[in-house]
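Here's the structure, in structure tokens; my notes come after.
The values are calculated or read from the model by the stated rules, or taken from the named source; none is laboratory data. These numbers come from a predicted model, not from an experiment. Counting neighbours? That spans all protein chains shown, and the Cβs are built from the backbone with ideal geometry, glycine included.
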Amino acid sequence: SWSERLFSGFRKTSERIGSNLTGVATRLDDATLDDLEDALIISDLGPAAAARIRQKLSDKSFGLEITQQELKEAVAEEIAEILRPVAKPLEITAFPRPQVILVIGVNGSGKTTTIAKLAHLFTEDDYGVLLAAGDTFRAAAIGQLATWAERAGVDLVRGPEGGDPASIVFDAVKQATDTGIDALIVDTAGRLQNKKELMEELAKIRRVLGKLNEEAPHDVVLVLDATNGQNALSQIDVFKEVAGVTGLIMTKLDGTARGGVLVAAAEQYGLPIHAIGVGEKMEDLRPFDPDLVARVIA
Ligand code: GDP
């Protein structure tokens, strides 16, 4: 089942947090709470979430003797409380259609794969999906997206390499509107090395979209690679500035010990987390279930 897969996917994160917590004593005095806070910080949960969890445990149980298991459960509950408010699936609600979903993120973060996974998820729900190859900068990007589109059984609007992404997006919105598409998912360039150009490119895409539909883009989804740990968080700052961000998808949570960064992102940014990537296959995008994730990682 997928929850078993999720458990095995988060195994490394869970082992890391588990072993960090194991060093913490079980009488909840100040020294123990210091150790707990440190253990959470070195588990990639970030200083803000670590401080909050420390405070909550102190408020609830200061001075008490608890078991190791109770400590883990208490931490899991506090993590769940941080995650619950941000868990928000990406829903197709736009009227008029199509809902335009801009997908942004640095190259290598898993953007292309995530687009294919979203297309798969939406077509499974009987939504009509169209992709737009707005990353015209990388030679391989268009071809890769074409391969994924074929696998997912959806159409792709593409232009020449080096072409104008805004004009591809323009064509894609027309095609989506004419053919009654529900969700138009737009790939974009991830060249953070050239922030100014990227910013201008994304701004132009937004302008063209806005002319066709005031509400578009309806979603600006930032794809983050969990294996980057705290660096993934600094990408949120940059992309908020470059493009505006309405929600996050974190990828590669399988096989990394740095899954705690999901909690750090939730606490520090409060942006909706739509889904998580737990593998390379099309089916490996999971709705973000905060209680399950909290239980799995702590
Ligand atoms: P892009 O450059 O951002 O478009 O990234 P790609 O979609 O091409 O993905 C980069 C690499 O990460 C590929 O080898 C993908 O198979 C891999 N990848 C993407 N998402 C996941 C995930 O959730 N888990 C794992 N293990 N690998 C992933």
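So which strands (runs of 3 or more DSSP E) stay within segment 111-213 end to end and still have 3 or more residues that are out of contact with any Leu (no Cβ under 9 Å at 6 or more places or on another chain), within 13 Å of the ligand (Cβ to nearest atom) and not aliphatic (A, V, I, L, M)? Explain how you work it out, then say what you get.
Numbers: elements: 129-134, 155-157, 183-188.
Of the strands (runs of 3 or more DSSP E) lying wholly inside segment 111-213, none has at least 3 residues that are out of contact with any Leu (no Cβ under 9 Å at 6 or more places or on another chain), within 13 Å of the ligand (Cβ to nearest atom) and not aliphatic (A, V, I, L, M).
State whether one or more residues within segment 89-108 are within 21 Å of Ile205 (Cα to Cα), of a type in the set (Gly, Ala, Ser) and within 16 Å of the ligand (Cβ to nearest atom). Yes, there is a match, as at least one residue in segment 89-108 is within 21 Å of Ile205 (Cα to Cα), of a type in the set (Gly, Ala, Ser) and within 16 Å of the ligand (Cβ to nearest atom). Of the set (1) modelled with pLDDT of 95 or more; (2) surrounded by fewer than 23 Cβ atoms within 10 Å (Cβ to Cβ), all apply to Leu83 but (2).
Report, by residue number, each residue of segment 136-177 that is charged (D, E, K, R) and modelled with pLDDT of 95 or more.
Hits for segment 136-177 are Glu150, Arg151, Asp155, Arg158, Asp164, Asp171, Lys174.
Among the residues in segment 121-141, are any of a type in the set (Asp, Glu) and buried (at least 21 other Cβ atoms within 10 Å of the Cβ)?
Yes, segment 121-141 contains a residue that is of a type in the set (Asp, Glu) and buried (at least 21 other Cβ atoms within 10 Å of the Cβ).
Scanning segment 61-80 for any residue that is surrounded by fewer than 22 Cβ atoms within 10 Å (Cβ to Cβ), aromatic (Phe, Trp, Tyr) and in contact with a Leu (Cβ under 9 Å, 6 or more places away or on another chain) turns up at least one such residue. Give the residues of segment 160-203 that are touching a Pro at 6+ places or on another chain (Cβ under 8 Å) and without any contact (Cβ under 8 Å) to a residue 40 or more places away in the chain, sorted by residue number. Glu201 - this is the single residue of segment 160-203 that is touching a Pro at 6+ places or on another chain (Cβ under 8 Å) and without any contact (Cβ under 8 Å) to a residue 40 or more places away in the chain.
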